[in-house]
1. Could you check V84 against (1) modelled with pLDDT of 95 or more; (2) more than 27 Å from D146 (Cα to Cα) and say which number it fails?
2. May I ask you to list the residues in the stretch 112-131 that are surrounded by fewer than 15 Cβ atoms within 10 Å (Cβ to Cβ) and of a type outside the set (A, V, I, L, M)?
3. Can you tell me which of (1) modelled with pLDDT under 95; (2) touching a helix residue (DSSP H, G or I) at 6+ places or on another chain (Cβ under 9 Å); (3) not small (G, A, S) is the one I20 doesn't meet?
4. Of everything in the stretch 58-79, what is more than 20 Å from Y137 (Cα to Cα), touching a strand residue (DSSP E or B) at 6+ places or on another chain (Cβ under 9 Å) and surrounded by 13 or more Cβ atoms within 10 Å (Cβ to Cβ)? Give them in sequence order.
5. Among the residues of the stretch 35-44, are any part of a loop (DSSP other than H, G, I, E, B), under 24 Å from W128 (Cβ atoms) and out of contact with any Phe, Trp or Tyr (no Cβ under 8 Å at 6 or more places or on another chain)?
6. With respect to G36, is the statement that it is farther than 17 Å from V136 by Cβ and either modelled with pLDDT under 95 or among the small types (G, A, S) (or both) true?
7. If you go through the stretch 106-125 one residue at a time, how many are of a type outside the set (K, R), in a loop (DSSP other than H, G, I, E, B) and more than 15 Å from E22 (Cβ to Cβ)?
Amino acid sequence: MLYRPNVAAILERKGGKILIGERIDRPGTWQFPQGGVDEGEDLLAALWREVEEEIGVAPSLYKVVEQRGGYRYKFPNGHVKWKVFRGQEQTYFRCRFKGDDSDIDLDTKSPEFASYRWIAPKKFDLDWLPKFKRAVYRQVLADFFDV
């Protein structure tokens, strides 16, 4: 089974709160900024591109402090993307956000989030996610925040 390489950003600001975005196409669904790695692109370049594309934050406004990979999930109902991928393998980057809320811009070229908020990691509710992503988020929150 082929898994599409994917990166996800956990932006953390002073005080330990993390940024989550509400998907524009699925109201009530909250997640970290994330997206696929393009062919020939390394993981860090993909992170920088995805964060800027999804929330308008330039790489100069955050610093990667931790990286973990190997998180996999399958798409539901046998769904296949690009006739090849049956799921995604994600690398998560915990990043120290050095900006402020005025640096976040959801009105991007292809908006993905309707809104965002900052929460304590232990306040993330797995019910905000589609069922097929919950095990990954449970593991990510345990690995990065011991919750």
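1. Of (1) modelled with pLDDT of 95 or more; (2) more than 27 Å from D146 (Cα to Cα), only one is false for V84: (1).
2. Of everything in the stretch 112-131, those that are surrounded by fewer than 15 Cβ atoms within 10 Å (Cβ to Cβ) and of a type outside the set (A, V, I, L, M) turn out to be S115, R117, K122, K123, D125, D127, P130, K131.
3. That leaves (1) as the condition not met.
4. Selection gives L61, Y62.
5. Looking for residues that are part of a loop (DSSP other than H, G, I, E, B), under 24 Å from W128 (Cβ atoms) and out of contact with any Phe, Trp or Tyr (no Cβ under 8 Å at 6 or more places or on another chain), one finds none in the stretch 35-44, hence no.
6. It is false that G36 is farther than 17 Å from V136 by Cβ and either modelled with pLDDT under 95 or among the small types (G, A, S) (or both).
7. Adding up the residues that qualify gives 2.
The values are calculated or read from the model by the stated rules, or taken from the named source; none is laboratory data. This structure is a prediction, so every number in the text was calculated from the model and none was measured. Note: ideal-geometry Cβ built from the backbone for every residue, glycine included; neighbour counts use all protein chains shown.
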